[in-house]
Every structure is written in C-alpha cells, then in structure tokens.
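Colleague: Okay, handing you the structure first.
The values are calculated or read from the model by the stated rules, or taken from the named source; none is laboratory data. Small disclaimer: the values here were computed from a predicted structure and weren't measured. Every residue, glycine as well, gets a Cβ built from its backbone with ideal geometry; the counts of neighbours run over all protein chains shown.
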Amino acid sequence: MTPTQALQAATADVTEFRLAPAHEKFSWLYDNALAKSHGEPGLTAGILLPAWAKLARHHPPAMQRVVAARDQLAAQAAEGGYKGQAVLLILHRVNVSLQDAASTRDAFARFAARDPVLAETAVFNMLPAFIALQDYEAAARYLQSSSVTPYYERMIDSMKRPAHLPGIAGSGIAQRGLQRHTDMQLARIALVLVKTGRQDEAEQLVQHFQARLGPEVSTHHMAEALKGIVPPIDEP
C-alpha cells in the first residue's frame, strides 16, 4: 500500500467511524511516510494533518498526537518568513478541524510580531478565526487599506485573464468559485472594519471592488458585511 492509498484508507475509516484503525494509519503516515514522500501527490502535511484532526475530535489518542503536531507548526510559524506564512495556513486548516480558533489567532499574533510586513497580507486568510472568536479589535489592528487594495487588485487581474487550463480548471465553474472566494475574503475584511467603527473605510473598500469586479460578478457577501452580517462559514 502506497502512502497515498494509506491516506485514502484512513479517510474511509473515519467516514465509517472505524476510529482506532484510522488513527493507526494516520500515525504511521505522520511518523514514517510524510518525511519520505518527497512531494508525492496526495500526501502533504496540509492534507494529512487536517484530516487527522477531524478524527481527533472523536478519538482522544489522536487528539494528543494532533495537538503536538499542531504545536510544532505554531513554533515553525513563529519564525516568520514565507515558510512561516505557509506553515501558518496549514495550522489554520488543522485548527478548523479541531474547532480551535484561539490557537490560530495566537499563532498568528506570534507570526505578526516576528514578521509584521508579511502579516499585513497573511491576516486575510486568518480572519475566519478572529471572526469565530468575535475578536474584531485584534483583527483590525492588522488591516491596512494600503495592503488590502493592491493585494486584491492583483487577484482580480489574475482572475480576469483568460483561462487556458483543461477541463474544470478552465471552466466557468472554476471562475465562479474564484469570484465567490474573492467576495468572501473582502466581505470578512469589510465586516471587521464595520465591527470596529471603520464604516466609512469599509464602504469605500466595498464600493471600489464592486466597481472593479463589475456587475456580472456577485458581491453579495460584501454588501451583507456592510450591514454587520457575518459571511457563511465554508470550513467543515
């Protein structure tokens, strides 16, 4: 059985609520296969650990191992740099599975103290944790329009380029998904601004990107955020 097959089997065990066998497979993958996979498709820490964390919510032995692995990620993220930023994304996904938004917030705070410039854009992907905790003031400290606008301008420029990818990746389905992702991320930013008394800034941001995206793109969640309505939670 290859590591990828073992991961698929472990995921199937979780689905069927075979908790102990699933934990054994995840433990073997983490201890033996992950470091040796050399980028094998389907086996990365970003895939393995969140899947293991879903099991951990129902299986205490897995919880102990996953929390230890998560804390190692937090220590790596605290070093800052682009590597730390990438690790922070994995940690966030693990914490979504563990339903531990506070860990994400605290790890991000350490990352931001170490690398404040990267934190200006890294915070965009961390906002679901701050919103789940209703810790809007903490999130707002990292949000600067001077970072938000150019970041999403580049994203929209990329989104508007014709796709030359085969199958679903180049289809209208993928394009609509990316448009919704942009709407959701900007909605979270607008919500934090609204909740912290920066209504005018939020309105200017939303109006700018509504015009930038054009009437054919839905900006429903941005508009709702201006009313203080929290965007949907996409994570399982």
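Colleague: Quick test of your reading of the structure: Gln207 fulfils all but one of (1) surrounded by fewer than 16 Cβ atoms within 10 Å (Cβ to Cβ); (2) on the phi < 0 side of the Ramachandran plot; (3) at pLDDT below 95. Name the failing condition by number.
Modeller: Among (1) surrounded by fewer than 16 Cβ atoms within 10 Å (Cβ to Cβ); (2) on the phi < 0 side of the Ramachandran plot; (3) at pLDDT below 95, Gln207 violates only (3).
Colleague: Do we have Thr15 as surrounded by fewer than 17 Cβ atoms within 10 Å (Cβ to Cβ), among the polar types (S, T, N, Q) and in contact (Cβ under 8 Å) with a residue 24 or more places away in the chain here? Even if it seems obvious, please write down each step before you answer.
Modeller: Numbers: surrounded by fewer than 17 Cβ atoms within 10 Å (Cβ to Cβ): yes; among the polar types (S, T, N, Q): yes; in contact (Cβ under 8 Å) with a residue 24 or more places away in the chain: no.
The answer is no for Thr15.
Colleague: Could you say which residue among Leu133, Leu165, Leu143 is at pLDDT below 95 and touching a helix residue (DSSP H, G or I) at 6+ places or on another chain (Cβ under 7 Å)?
Modeller: The match here is Leu143.
Colleague: Please pick out the residue among Ala109, Ala101, Ala69 that is touching a residue at least 12 places away in the same chain (Cβ under 8 Å) and within 24 Å of His181 (Cβ to Cβ).
Modeller: Values: Ala109 fails: within 24 Å of His181 (Cβ to Cβ); Ala69 fails: within 24 Å of His181 (Cβ to Cβ).
None of the other options fit; the residue is Ala101.
Colleague: Right, next: Would you confirm, using the coordinates I've provided, whether Ala101 is of a type in the set (A, V, I, L, M), in contact with a Gly (Cβ under 7 Å, 6 or more places away or on another chain), modelled with pLDDT of 95 or more and within 25 Å of Met126 (Cβ to Cβ)?
Modeller: The answer is no for Ala101.
Colleague: Let me ask something else about it. Please name all residue pairs, on different chains or six or more residues apart, with Cβ atoms under 9 Å, provided the first residue is in region 117-138 and is under 17 Å from Leu91 (Cα atoms) and the second residue is acidic (Asp, Glu).
Modeller: Filtered contacts from region 117-138: Ala122/Asp115; Pro128/Asp234; Pro128/Glu235; Ala129/Asp100; Ala129/Asp135.
Colleague: So, one more: Does Ser147 satisfy being in the same structural domain as Pro215 (by TED's automatic domain parsing) and touching an Asp or Glu at 6+ places or on another chain (Cβ under 7 Å)?
Modeller: Against the criterion (in the same structural domain as Pro215 (by TED's automatic domain parsing) and touching an Asp or Glu at 6+ places or on another chain (Cβ under 7 Å)), Ser147 qualifies.
Colleague: Now, a different point. Counting only residues that are among the hydrophobic types (A, V, I, L, M, F, W, C) and over 27 Å from Ile233 (Cβ atoms), give me the helices (runs of 4 or more DSSP H) lying completely in region 1-98 with at least 2 of them.
Modeller: On the way: elements: 3-15, 19-28, 45-56, 60-77, 81-98.
The helices (runs of 4 or more DSSP H) meeting that bar are 3-15, 19-28.
Colleague: So, one more: For residues that are part of a loop (DSSP other than H, G, I, E, B) and of a type in the set (A, V, I, L, M), scanning just region 114-158, find the one that is surrounded by the most Cβ atoms within 10 Å (Cβ to Cβ).
Modeller: Looking only at region 114-158, we keep the residues that are part of a loop (DSSP other than H, G, I, E, B), and these are 115, 133-135, 141-144.
Add one more test, that the residue is of a type in the set (A, V, I, L, M), and what stays is 133, 143.
Working: Leu133: 14, Leu143: 21.
Per the stated criteria, the residue is Leu143.
Colleague: Right, next: So for region 66-84 (the condition being within 25 Å of Pro231 (Cα to Cα), assigned by TED's automatic domain parsing to the domain that holds Asp31 and among the β-branched types (Val, Ile, Thr)), does at least one residue qualify?
Modeller: Looking through region 66-84, none of the residues is within 25 Å of Pro231 (Cα to Cα), assigned by TED's automatic domain parsing to the domain that holds Asp31 and among the β-branched types (Val, Ile, Thr).
Colleague: Say we look at region 173-218 and pick out the residues that are touching a residue at least 12 places away in the same chain (Cβ under 8 Å) and among the acidic types (Asp, Glu); which of these is nearest to Ile131 (Cα to Cα)?
Modeller: The selected residue is Asp183.
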